[in-house]
Amino acid sequence: TVAAFDSFRFVIKGSLAGAAVYVAYDQGLLGSGTQGAEALKKAQAALPPAIQEWTSYVGWEVRTVQLPPTPKFDFSLSDSWNKGVQTVMSALSVAPTRACEYTLEGWKYVKDLVK
């Protein structure tokens with residue numbers, strides 16, 4: 001019974017993860033930087049009406065409280081993505097050299113301990 005419960009949990013978690021990836025892909029978040037920027041603009045435009053609809057559905061009234069405006073992002077998604085890719089590639093290019101350096105330092109430390 002425990003194995004069945006664990007496999008059920010695995011299926012549920014996998015389904016939720018797959019759904020999240022599908023929604024991100026469907027909304028254009030996994031595309032180019034311009035597609036991501038367009039998806040962000042659509043989300044900023046849709047958020048206040050969605051909150052208003054949800055509060056009316058729940059039965060809350062938002063009369064005296066004004067919702068704050070959605071934040072405006074002033075950065076380029078494509079530039080941020082490119083900077084991240086450059087950082088990762090730079091780290092990968094020096095990884096073999098760093099691995100050799102750290103290995104030599106480790107052997108030196110072990111030799112000093114054995115003395």
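The values are calculated or read from the model by the stated rules, or taken from the named source; none is laboratory data. All figures in this text were calculated on a predicted structure; none of them were measured in a lab. All Cβ positions, even for glycine, are placed from backbone atoms using ideal geometry, and neighbour counts span all protein chains on display. Ligands, DNA and RNA are excluded from the accessible area calculation, which covers all protein heavy atoms including side chains. Shrake-Rupley method; radii C 1.70, N 1.55, O 1.52, S 1.80 Å.
Points worth noting:
- Residue match in the stretch 60-81 (condition: open to solvent by less than 80 Å² (accessible area, probe 1.4 Å) and at pLDDT 75 or above): yes
- Failed item, numbered, when Leu30 is tested on (1) open to solvent by 80 Å² or more (accessible area, probe 1.4 Å); (2) assigned to a helix (DSSP H, G or I): (2)
- The criterion of being within 30 Å of Ser76 (Cβ to Cβ) and not aliphatic (A, V, I, L, M) does not hold for Ser56.
- Pairing each residue of the stretch 78-100 that is of a type in the set (Lys, Arg) with any residue that is open to solvent by 80 Å² or more (accessible area, probe 1.4 Å) and part of a helix (DSSP H, G or I), provided the two are 6+ apart or on different chains, yields no C-beta distance under 8 Å.
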